[in-house]
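Accompanying notes for the structure given below.
The values are calculated or read from the model by the stated rules, or taken from the named source; none is laboratory data. Here the structure is a predicted model, which is why all the values come from computation and not from measurement.
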Amino acid sequence: MTPWAVGIYTVGFLVAVVPGSLFVEAVIKQVGADPSTPLTSESKAWKQSRIIGMAERALVFLVVAAYGAAGVQAAALFFAGKTIPAGNRGFYLLGTLTSFAWAIFWAILVRAVAVR
């Protein structure tokens, strides 16, 4: 792998993981979370969700960037095995799907650019 490709993968990883939290938060606010949810941007649960989302995006990015289409299938299996809390299913499902889509998009883009 060339130094240029390593740089592309590094930048792609950072963009997929860190700003992904802002993207997911914007989508959730745009759609509107369940009004009964106790999650606000200052709550402990929100902060925990944000960290978990960053870890998920990192994992999904690395798997998809390394394995392409097979990585997308592996990410789908990871998602299928995830337990979603009963109280806020819509909120967590929207956040997880948005997070996975963000990471998969950046991983596919990075693979396409780094191969050239």
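Numerical summary
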| quantity | calculated |
| --- | --- |
| Filtered residues of the stretch 57-99 (kept if among the basic types (Lys, Arg) and either in a loop (DSSP other than H, G, I, E, B) or modelled with pLDDT of 75 or more (or both)) | Arg57, Lys82 |
| Residue that is modelled with the lowest pLDDT, among those in the stretch 1-49 that are outside any helix (DSSP H, G or I) and under 23 Å from Ile104 (Cα atoms) | Met1 |
| Check on Ala103, among the small types (Gly, Ala, Ser) and modelled with pLDDT of 85 or more | yes |
